[in-house]
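None of the figures in this text is laboratory data; all of them are computed from the coordinates on show. Quantities reported herein were computed from a predicted structural model and do not represent experimental measurements. Because the Cβ atoms are built from the backbone with ideal geometry, glycine has one as well, and the counts that use them run over all protein chains shown.
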Amino acid sequence: DGYLYGMEAATGNIVWKLNRTVPALSLHTQSTPIVSRGVVLVGLDDGRLMMVSLTDGGVLWEKAIAVPGGRTELDRMVDIDGVIALIGNVVYVGTYQGKVAAVDAAKGRLLWQQKASSVNGLTVDGDTLFYTDENSAVWALDRRSGASLWKQEALKFRRLTAPVALDHVIVVADYEGYLHWLDRDSGKILARSQADKHGVLAPPVKIGSDLLVLGEGGGLSRWRLDQ
């Protein structure tokens, strides 16, 4: 409904709420706000990234990552619905039918942007940003400049999750419940394992050198790549 709520952790009481206009048509998902150092970073359905005060919900800055355009409501969809990453003082974010971008967290200033369409979001590991696009191609970009390092298209249309970085590999899960293990530096597919034949509910979660995977069938499994 366009509302962002700040709630007291101990009681659940609403401390503040903030409303933003929701587009006529948007994807049926929402990005998860990031809380850090007394502020909240939020991706909106109209392609804007917003920082608000955790204390009172006051807006500190807003930045349009992608601007809606086109003749139809479908053409104008630019949702920020995927994983957002905050590394140091830089926010990394991707939009549907728009951009992948790096933004200065202190001032909301755009550092770089690349044309892209991403629904599930991204991850940053070292100096590299990894994301899956709307067609399930996996990309690696230089996080400091946005320059493309590699693109893996062998998994297109498999409805991939956001990537997870694990040591020297990048892992994505697909709609059939398979985990695909990619070489971090080249994008080469190293291995494939089926975690749940019904699919997965969310991106794998990194626990040390392992991954936890929650399947659509209700099973929770733990995985590790053999060295």
>> Which of Glu62, Glu8 has the fewest other C-beta atoms within 10 Å, and how do the rest follow up to the most?
In response: Glu8, Glu62
>> Classify region 50-130 from the C-alpha gyration tensor, please: rounded if a/c falls under 1.5, else prolate or oblate depending on whether a/b exceeds b/c.
In response: oblate
>> Can you give me the Kirkwood hydrodynamic radius for the chain, using every pair of distinct Cα atoms, in Å to one decimal?
In response: 18.3 Å
> What residue among Thr161, Thr72, Thr132 has the largest mean-square fluctuation in a Gaussian network model of the chain, using Cα springs under 10 Å?
Replying inline: Thr72
> Which one of Trp112, Trp16, Trp181 has the biggest mean-square fluctuation once the chain is modelled by GNM with Cα springs under 10 Å?
Replying inline: Trp16
> Exposure proxy check: Tyr5, Tyr175, Tyr96, Tyr131 ranked by fewest other beta carbons within 10 Å?
Replying inline: Tyr5, Tyr175, Tyr96, Tyr131
>> Within a 10 angstrom radius of the beta carbon, how do Thr32, Thr95 rank from fewest other beta carbons to most?
In response: Thr32, Thr95
>> So if I place +1 on the C-beta of Lys and Arg and -1 on the C-beta of Asp and Glu, and nothing else carries charge, what would the dipole magnitude of the chain be about its Cα centre? I want it in debye, nearest 20.
In response: 360 debye
>> Restricting the calculation to Cα positions, tell me the Rg (one decimal) and the Dmax (whole number) of region 86-178 in Å.
In response: 12.8, 42
>> Past the 19 angstrom mark, what percentage of all C-alpha to C-alpha distances in region 123-227 do you count?
In response: 38 percent
> Which of the aspartates and glutamates could a cross-linker bridge to Lys197, judged by Cα under 18 Å and excluding same-chain residues fewer than eight apart?
Replying inline: Asp174, Glu176, Glu216
> Normalised by the residues of the chain, what does the relative contact order come to in percent, with Cα pairs under 8 Å and at least six apart?
Replying inline: 9 percent
> Between Gln194 and Gln30, what FRET efficiency follows from the Cβ-Cβ distance if R0 is 22 Å, with the result rounded to 0.05?
Replying inline: 0.15
> Based on the inverse mean of 1/r over its pairs of different Cα atoms, what is the Kirkwood hydrodynamic radius of region 1-119, in Å?
Replying inline: 14.6 Å
> Where does the charge balance sit around Leu111 when Lys and Arg score +1, Asp and Glu -1, over other residues with C-beta under 13 Å from its C-beta?
Replying inline: +4
